[in-house]
Amino acid sequence: MDYYLFLDESGDHGLTRIDPQFPIFVLCGVLISQAEYENLKTKIAALKTKFWGEKKVILHSRDIRKCDKEFAILLDGEVKKFFYEELNQIIEETPYEVIASAIDKDKYLKRYGLLNNNVYQISLSFIVERSIFCLDSKNTNSKKLTIGIEKRGKKEDNELKAHFQKLLQVGTYFVSSDRISSYQTSIHFKDKKEDIVGLQISDLVAYPIARHILDPERANAAFDLVEQKFYRRGTRVYGMKVFP
């Protein structure tokens, strides 16, 4: 069985100017089998048709929260209620694992400075590593892992490609290059306009994780929904890495 790993972020990955209100960077991965992904695409397409007809709509966390652009329809309380009920049901019932990495940028700078300042690359290493753990634990005949990431810019994308090639060559501290390569692991950069459902779900999942890390005592119904999706071994959560 083949798998997809869709990645999106919440927060700024830069370290030179840190927002005191949002001093973390979260990279969130949604790991899903090809068969379940086809089902997910069908459900999301039906959801969009129900609320927007034939209009092309990209699910975007910020726009949904702000009731902005196409999501201005959510200013109607009844519409908003039904939309969230149906979207949450899809997110809750679809089988997939969440594997996320969060970097506390203030702590990171105090410990490591700017010598290694690409927190996106560090986060990717963590997520690839734990995705391999997760796939190994499934005992499937899967031989293929396709990683999808939203394009950020030519320079940034090329740097991430180079880092990914390094992972294929030398592995990580806990996962050898052979284990990564055994899944024919590849990485692909997609434009938001391509309407990639997996990237949209990853975007929706990333923000509540970030909010929970920033303020774990605050009520966060969206995180409560996402939390049950974290990759686990028994009762231990392996799908959330907070660093350092």
TODO: State the number of residues belonging to the range 219-244 that are in contact with a strand residue (DSSP E or B) (Cβ under 6 Å, 6 or more places away or on another chain) and assigned to a loop (DSSP other than H, G, I, E, B).
DONE: 3
TODO: Return yes or no: is ILE122 surrounded by 12 or more Cβ atoms within 10 Å (Cβ to Cβ), at pLDDT 95 or above and touching a strand residue (DSSP E or B) at 6+ places or on another chain (Cβ under 8 Å)?
DONE: no
Open item on the list: With surrounded by fewer than 12 Cβ atoms within 10 Å (Cβ to Cβ), of a type outside the set (A, V, I, L, M), at pLDDT 95 or above and under 19 Å from LYS229 (Cα atoms) as the only criterion, which of GLU85, GLU97, GLU78 stands out?
Closed with: GLU85
- [ ] Give ASP12, ASP19, ASP2 a once-over and let me know the one that is in contact with a strand residue (DSSP E or B) (Cβ under 8 Å, 6 or more places away or on another chain), more than 23 Å from GLN184 (Cβ to Cβ) and surrounded by fewer than 17 Cβ atoms within 10 Å (Cβ to Cβ).
- [x] ASP12
Open item on the list: Just to be sure before I move on: is ASP2 touching a residue at least 60 places away in the same chain (Cβ under 8 Å) and in contact with an Asp or Glu (Cβ under 6 Å, 6 or more places away or on another chain) in the structure I sent?
Closed with: no
Open item on the list: Which count do you get for residues in the range 33-54 that are touching a residue at least 40 places away in the same chain (Cβ under 8 Å), part of a helix (DSSP H, G or I) and either in contact with an Asp or Glu (Cβ under 6 Å, 6 or more places away or on another chain) or among the hydroxyl-bearing types (Ser, Thr, Tyr) (or both)?
Closed with: 2
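The values are calculated or read from the model by the stated rules, or taken from the named source; none is laboratory data. Remember, it's a predicted structure, so these values are computed and weren't measured experimentally. Cβ: placed from backbone, ideal geometry, glycine included. Neighbour counts: every protein chain shown.
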